[in-house]
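The values are calculated or read from the model by the stated rules, or taken from the named source; none is laboratory data. Just so it is clear, the model here is predicted, and its values are computed rather than measured. Cβ: placed from backbone, ideal geometry, glycine included. Neighbour counts: every protein chain shown.
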Amino acid sequence: METRKLGRTGLEVSALGFGGSPIGQLAVAQGPVTEVVNLLLDAGVNLIDTAASYHGSEAALGAAVGHRRDAFVLVSKCGQAFDDLEGAAWSAQAITQTVDRSLARLGTDHLDVMLLHSCAREVLERGEAVAALLAAREAGKIRFAGYSGDNEAAVYAAGLDGIDVIETSLSICDLANLDGVVALARERGLGVIVKRPIANAAWKDLAEQEGTYQNYARVYSERFQKMALAPADLGFAGEAAQAWAEIALRFTLSLPGVSTAIVGTTKTESAVRNLEAAAKGPLPDTAVQQIRQAFLAAEAAAGESWEGRQ
């Protein structure tokens, strides 16, 4: 498994990471979670991403791999208000209590990275939320503070002192953050975690998308159709869905500034295919440029700016 520097943190992370959102969104049972995550760790994946708002995800991951804590970089997210915790959303009280609860759920004494979970720029400007993360860092509860989000708010976050990691959307159907967020992150030496790196499998029919992922995938599916690309256009043969799964992941991992791309895998066969795709390395430059040009042409034809998806 290829590893890359997570910006100036000094952490080395696998190019392919694990995203814990589907564990909560799809209410995945403990058995499959344990099987998939341990398979990925055994294969060299060493970054696990979750969030306090992914119902059940932190606890399931703690049960699955808490005993292997030294084998991976652990990332979670916080900031929202929760019924079982005190404090308003984005308050120091809510963030502090969420950090403590995440540590307990994940069965660890520290998080490698804690991210503010998609708050607006106005929240960042007030300073309380970032200050709460930095206080958790000073207390040894987290090693690095960061922000998860897109567009203007993510650009603002990337310019803040104390922020060392940015998580943002980037894929074949989502390139708005590349020249803004990711470029600034590279300039400032920040680690970049990419969410939705395979565009929620935009090549699938929406009826095939599970649960709430129909809504997540809808915009990407519309963009993908407008881009009007086929795997053969990029030099790929074989069944289209499998070809696109490889193309999409390798494309995102080819983009400058990307430290790791997290995929929310819930099935072992999908995990194996992702590992195989990542092992093939970046796409040829010609394919990368074809995809970028198709995105820009479709965006222009649509007559609107295709912003990064929250």
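Here is a check on your reading of the model: is LEU253 surrounded by 15 or more Cβ atoms within 10 Å (Cβ to Cβ) and assigned to a helix (DSSP H, G or I)? Spell out the reasoning first.
Values: surrounded by 15 or more Cβ atoms within 10 Å (Cβ to Cβ): yes; assigned to a helix (DSSP H, G or I): yes.
Yes.
May I ask you to list the residues in region 60-69 that are crowded, with 20+ Cβ neighbours inside 10 Å and either small (Gly, Ala, Ser) or more than 29 Å from ALA131 (Cα to Cα) (or both)? Can you show your working first?
Within region 60-69, the subset crowded, with 20+ Cβ neighbours inside 10 Å is 60-62, 64-65.
Correct list: ALA60, GLY62, ALA64, VAL65.
Which residues, counting only those in region 188-203, are of a type in the set (Lys, Arg) and under 21 Å from ARG143 (Cα atoms)? Passing the criteria: ARG188, LYS195.
Restricting attention to region 167-199 and to residues that are of a type outside the set (A, V, I, L, M, F, W, C) and under 23 Å from ALA300 (Cβ atoms), the residue that is surrounded by the fewest Cβ atoms within 10 Å (Cβ to Cβ) turns out to be ASP179.
Go through region 204-244 and count every residue that is touching a Pro at 6+ places or on another chain (Cβ under 9 Å) and surrounded by 17 or more Cβ atoms within 10 Å (Cβ to Cβ). The number of residues fulfilling the criteria is 4. Screening region 118-232 for helices (runs of 4 or more DSSP H) wholly inside it with 1 or more residues that are of a type outside the set (Val, Ile, Thr), over 21 Å from ALA294 (Cα atoms) and at pLDDT 95 or above returns the ranges 121-126, 128-138, 151-158, 183-188.
Quick one: is THR268 among the β-branched types (Val, Ile, Thr), within 30 Å of GLN30 (Cβ to Cβ) and modelled with pLDDT under 95? Give the steps one after another, and end with the answer.
Values: among the β-branched types (Val, Ile, Thr): yes; within 30 Å of GLN30 (Cβ to Cβ): yes; modelled with pLDDT under 95: no.
No; evaluated as a whole, the condition is false for this residue.
With the requirement that a residue be buried (at least 24 other Cβ atoms within 10 Å of the Cβ), within 13 Å of the chain's Cα centre (by Cα) and among the aliphatic types (A, V, I, L, M), what does region 14-26 give you? Residue satisfying the conditions is LEU16 alone.
Filtered by the rule that a residue be of a type outside the set (A, V, I, L, M) and either in contact with a Pro (Cβ under 7 Å, 6 or more places away or on another chain) or surrounded by fewer than 16 Cβ atoms within 10 Å (Cβ to Cβ) (or both), region 70-106 gives ASP70, PHE82, ASP83, ASP84, GLU86, GLN93, ASP100. Sub-7 Å Cβ pairs linking a first residue in region 270-297 that is among the basic types (Lys, Arg) to a second residue that is surrounded by 17 or more Cβ atoms within 10 Å (Cβ to Cβ), at least 6 apart or interchain, are ARG273/ALA245; LYS280/ARG250; ARG292/LEU175, ordered by first then second residue. Per the conditions (1) at pLDDT 95 or above; (2) within 16 Å of the chain's Cα centre (by Cα), the sole criterion not satisfied by ARG309 is (1).
For region 242-263, the tally of residues that are farther than 13 Å from SER171 by Cβ and in contact (Cβ under 8 Å) with a residue 40 or more places away in the chain stands at 4. Report, by residue number, each residue of region 256-274 that is surrounded by 19 or more Cβ atoms within 10 Å (Cβ to Cβ) and of a type in the set (A, V, I, L, M). Scanning region 256-274 gives VAL258, ALA261, ILE262, VAL263, ALA271.
Taken together, the residues in region 102-117 that are in contact with a helix residue (DSSP H, G or I) (Cβ under 8 Å, 6 or more places away or on another chain) and in a helix (DSSP H, G or I) amount to 3.
Within region 53-71, which residues are of a type in the set (A, V, I, L, M, F, W, C), under 19 Å from PRO22 (Cβ atoms) and out of contact with any strand residue (DSSP E or B) (no Cβ under 8 Å at 6 or more places or on another chain)? Outline the logic, then answer.
Within region 53-71, the subset of a type in the set (A, V, I, L, M, F, W, C) is 59-61, 63-65, 71.
Going one step further and asking which of them are under 19 Å from PRO22 (Cβ atoms), we end up with 59-61, 63-65.
Of everything in region 53-71, those that are of a type in the set (A, V, I, L, M, F, W, C), under 19 Å from PRO22 (Cβ atoms) and out of contact with any strand residue (DSSP E or B) (no Cβ under 8 Å at 6 or more places or on another chain) turn out to be ALA59, ALA60, ALA63, ALA64.
Count of region 33-68 residues, restricted to those that are out of contact with any Cys (no Cβ under 8 Å at 6 or more places or on another chain) and under 15 Å from VAL113 (Cβ atoms), is 7.
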